[in-house]
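A.B. asks: Would you mind keeping the following structure in view while I ask a few things?
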Amino acid sequence: MAKMNPGDSRSRKSPTWYVAGAILLLSIVALLLPGVLRATGFSGGNELMLVISAKGQVVYRKPFKDVPEGIIPVTGPLGVTQVEVAGRKVHVLHSPCDNHICMNTGWIAQEGQIIVCMPNQVVVQLTK
Ligand SMILES: [Zn+2]
């Protein structure tokens, strides 16, 4: 009766603990990171921006609070769309399009709101 297993060869403990610890740490970092970035202002994404595009190109981009009241002319394929800013709101005052959907959209004032003039390829949006 020969035992093939010489001595007491206990396998070393697998590094499960280290892996679990690392995963836990990474999860915590991943959870906290956006908050930390926001708190330090690192991301710079807290400011409401007025962004106006024409023909797919951004032609105007400014923190909404810094946008002076008045009319911003935006030139599209059909002519000039007049974007008016007043009282912390923005709307399309006049546009050379024929359906005037953009003008009928009315005023926008909050993040995520958007005015689109498809015929004149003008997009007015408030974003962060
Ligand atoms: Zn329009």
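A.B. asks: Restricting attention to the stretch 111-128, and to residues there that are more than 14 Å from the ligand (Cβ to nearest atom) and touching a residue at least 40 places away in the same chain (Cβ under 8 Å), which single residue is surrounded by the most Cβ atoms within 10 Å (Cβ to Cβ)?
C.D. replies: Residues of the stretch 111-128 more than 14 Å from the ligand (Cβ to nearest atom): 111-113, 125-128.
Then drop every residue that is not touching a residue at least 40 places away in the same chain (Cβ under 8 Å), which leaves 111, 125-128.
Details: Glu111: 12, Gln125: 17, Leu126: 19, Thr127: 15, Lys128: 12.
Per the criteria, the residue is Leu126.
A.B. asks: Hey, can you tell me all the residues within the stretch 48-69 that are among the β-branched types (Val, Ile, Thr), within 20 Å of Glu111 (Cβ to Cβ) and surrounded by 13 or more Cβ atoms within 10 Å (Cβ to Cβ)? First the steps, then the outcome.
C.D. replies: Filtering the stretch 48-69 for residues among the β-branched types (Val, Ile, Thr) gives 51-52, 58-59, 67.
With within 20 Å of Glu111 (Cβ to Cβ) added as a condition, the list becomes 51-52, 58, 67.
Val51, Ile52, Val67 - these are the residues of the stretch 48-69 that are among the β-branched types (Val, Ile, Thr), within 20 Å of Glu111 (Cβ to Cβ) and surrounded by 13 or more Cβ atoms within 10 Å (Cβ to Cβ).
A.B. asks: Is there a residue in the stretch 35-46 that is away from the ligand (no atom under 16 Å from the Cβ), at pLDDT below 95 and either among the charged types (D, E, K, R) or in contact with a His (Cβ under 6 Å, 6 or more places away or on another chain) (or both)?
C.D. replies: The first filter runs over the stretch 35-46 and keeps only residues away from the ligand (no atom under 16 Å from the Cβ), leaving 35-46.
Now narrow it down to the ones that are at pLDDT below 95: 35-46.
Then drop every residue that is not either among the charged types (D, E, K, R) or in contact with a His (Cβ under 6 Å, 6 or more places away or on another chain) (or both), which leaves 38.
Looking for residues that are away from the ligand (no atom under 16 Å from the Cβ), at pLDDT below 95 and either among the charged types (D, E, K, R) or in contact with a His (Cβ under 6 Å, 6 or more places away or on another chain) (or both), one finds at least one in the stretch 35-46, hence yes.
A.B. asks: Go through the stretch 94-114 and give me each residue that's in a strand (DSSP E or B) and of a type in the set (A, V, I, L, M, F, W, C).
C.D. replies: Step one: list which residues in the stretch 94-114 are in a strand (DSSP E or B), which gives 94, 108, 114.
Those that are in a strand (DSSP E or B) and of a type in the set (A, V, I, L, M, F, W, C): Ile108, Ile114.
A.B. asks: Here are some conditions: (1) more than 23 Å from the chain's Cα centre (by Cα); (2) closer than 15 Å to Leu126 by Cα. Leu93 meets all but one. Which one does it not meet?
C.D. replies: Unmet for Leu93, out of (1) more than 23 Å from the chain's Cα centre (by Cα); (2) closer than 15 Å to Leu126 by Cα: (2).
A.B. asks: Every residue in the stretch 71-96 that is more than 14 Å from the ligand (Cβ to nearest atom), surrounded by fewer than 16 Cβ atoms within 10 Å (Cβ to Cβ) and aliphatic (A, V, I, L, M), please.
C.D. replies: Ile71, Ala86, listed by residue number.
A.B. asks: What are the pairs with Cβ atoms under 9 angstrom where one residue, in the stretch 87-105, is touching a residue at least 24 places away in the same chain (Cβ under 8 Å) and the other, located anywhere, is assigned to a loop (DSSP other than H, G, I, E, B) and near the ligand (Cβ under 6 Å from one of its atoms)? Sequence gap at least six, or different chains.
C.D. replies: Val92/His100; Ser95/Pro119; Ser95/Asn120; Pro96/Pro119; Pro96/Asn120
A.B. asks: Output the residues belonging to the stretch 97-110 that are buried (at least 16 other Cβ atoms within 10 Å of the Cβ) and within 16 Å of Thr75 (Cα to Cα). Even if it seems obvious, please write down each step before you answer.
C.D. replies: Taking the stretch 97-110 first, the residues buried (at least 16 other Cβ atoms within 10 Å of the Cβ) are 97, 102-103, 105, 108.
Matches in the stretch 97-110: Cys97, Cys102, Met103.
The values are calculated or read from the model by the stated rules, or taken from the named source; none is laboratory data. Fair warning: this is a prediction, and the values are worked out from it, not measured in the lab. A quick note on method: Cβ atoms are made from the backbone with ideal geometry, for glycine too, and the neighbour counts reach across all protein chains shown.
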